[in-house]
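**Student:** Sharing a structure here in structure tokens format.
The values are calculated or read from the model by the stated rules, or taken from the named source; none is laboratory data. Quick caveat: nothing in here was measured; it's all calculated off a predicted structure. Reconstructed Cβ throughout: ideal geometry from the backbone, glycine too, with neighbour counts over all protein chains shown. SASA here: full protein model, heavy atoms, side chains in, ligands and nucleic acids out. Shrake-Rupley method; radii C 1.70, N 1.55, O 1.52, S 1.80 Å.
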Amino acid sequence: MSKARSVMLSMSRKAYRNPYAHIEELEQDYLGKEEKLHRSKPAGPAVPGPEVFHNPYIFVDNEESEAESAPKVQSEGANKPLEFTSAPYKTAKKPTYSDKDIKNIVMSLHRHLWINREAIWGSKVPTDPVEMLEPKVVANLLGFSYRDESGIGVHQTSDGDADVAGLIDDSAKTIYISPQFKSKVRRFTAAHEIGHAALHDLQGAMHRDRPDEQQRPERNPKETEADRFATYFLMPDNLVVARFLEIFYSRPFRITSETAFALGVKNANELASKCRTRRQLARLLASTERFNFEHFESLANQFKVSTEAMAIRIEELALV
């Protein structure tokens, strides 16, 4: 192995031991740009402090200060998550949405969660940014209660009846998630239902959904939009890319003799025969728990989504 490669692997292992190493570097660079940006500005309203910009989602990325302020943390019961009693978080409803529209709405919600983290979680703010991507919390922000509910119905399909995984009742402002499915399916379904709450005018109706993380193009446009919302909410671009790089060191991942060996495969030809398509390679990288003699939680497990959902995300982010 070349000296340069050895140094790179050593640095990457060090970064993996510190899961926030990439965030710290990004923030140092970002805060330096912010300092330069505001240094020449005339005196005026105070610039938000570092606690606002110290955001692992790196979504506060323009010179406009965040308009919303974080509620004060209550001194009593600080260990218990607080409920938002103010008016629900509002999102403008449109007939249709582009991917950019949906991503901007999700980014706004991520920003809201980050800035209000102490009001939401009290003294137990999650140390892992992924833990903040909690569908139950966002349901509450949007004015919906969240309930695990068995037997919420069936869908009639050409293949027979299929159990309903999630239901959103706009008139009762309640989201129901069936507990009979695996936790990762429930999580994606919950984020999908929240997508309906954030994006669509349901006009007081109930809407049932089957479990689906495949993002099939032939689905109803509103279902596709809710899928995209769930994808962007649960697997933010920056976090997925950063954690992918922590594990696999490069972007995009290429099949070589070195990467094959790091995955525990004899050689590049054998790995290529196992992964004949980008999706097959993405599935392998989404589920693997060992690379270059390092053991870790798979990307799918880190983000609490299925291997297929993470593989789709890896592929669309051009990581393979």
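**Student:** If you scan region 282-320, which residues turn out to be outside any loop (DSSP other than H, G, I, E, B), aliphatic (A, V, I, L, M), under 20 Å from ARG254 (Cα atoms) and touching an Asp or Glu at 6+ places or on another chain (Cβ under 7 Å)?
**Tutor:** Across region 282-320, the qualifying residue is only ALA282.
**Student:** Where residues in region 232-281 are part of a loop (DSSP other than H, G, I, E, B) and among the β-branched types (Val, Ile, Thr), which of them is nearest to LYS100 (Cα to Cα)?
**Tutor:** Looking at the filtered set, the residue picked out is THR277.
**Student:** Mind counting the residues in region 175-196 that are of a type in the set (Gly, Ala, Ser) and either in a loop (DSSP other than H, G, I, E, B) or open to solvent by 10 Å² or more (accessible area, probe 1.4 Å) (or both)?
**Tutor:** Here is the first cut: in region 175-196, the residues of a type in the set (Gly, Ala, Ser) are 178, 183, 190-191, 195.
Retained after the next criterion (residues that are either in a loop (DSSP other than H, G, I, E, B) or open to solvent by 10 Å² or more (accessible area, probe 1.4 Å) (or both)): 178, 183.
Adding up the residues that qualify gives 2.
**Student:** For region 251-283, give me each residue that is among the hydroxyl-bearing types (Ser, Thr, Tyr) and either farther than 23 Å from SER306 by Cα or open to solvent by less than 30 Å² (accessible area, probe 1.4 Å) (or both). Let's see the steps before the verdict.
**Tutor:** At the first step, the residues of region 251-283 found to be among the hydroxyl-bearing types (Ser, Thr, Tyr) are 256-257, 259, 273, 277.
Across region 251-283, the qualifying residues are THR256, SER257, THR259, SER273.
**Student:** Are there any pairs with C-beta distances below 8 angstrom linking a residue in region 261-275 that is more than 14 Å from GLU289 (Cα to Cα) to a residue that is open to solvent by less than 30 Å² (accessible area, probe 1.4 Å) and of a type in the set (Gly, Ala, Ser), with the two at least 6 apart or on different chains, and if so which?
**Tutor:** LYS266/ALA260; ASN267/ALA260; ALA268/ALA260; GLU270/ALA260; LEU271/ALA260
**Student:** Is there any pair linking a residue in region 226-246 that is among the hydroxyl-bearing types (Ser, Thr, Tyr) to one that is buried (at least 21 other Cβ atoms within 10 Å of the Cβ), with Cβ under 6 Å and at least six apart or on different chains, and which?
**Tutor:** Between residues of region 226-246 that are among the hydroxyl-bearing types (Ser, Thr, Tyr) and residues that are buried (at least 21 other Cβ atoms within 10 Å of the Cβ), the close pairs are TYR232/VAL106.
**Student:** Select from region 136-162 the residues that are in contact with an Asp or Glu (Cβ under 9 Å, 6 or more places away or on another chain), at negative phi and at pLDDT below 60 and list them in ascending order.
**Tutor:** Within region 136-162, VAL154, HIS155 qualify.
**Student:** For the structure I just gave you, tell me whether ALA286 is at pLDDT 95 or above and open to solvent by 20 Å² or more (accessible area, probe 1.4 Å).
**Tutor:** no
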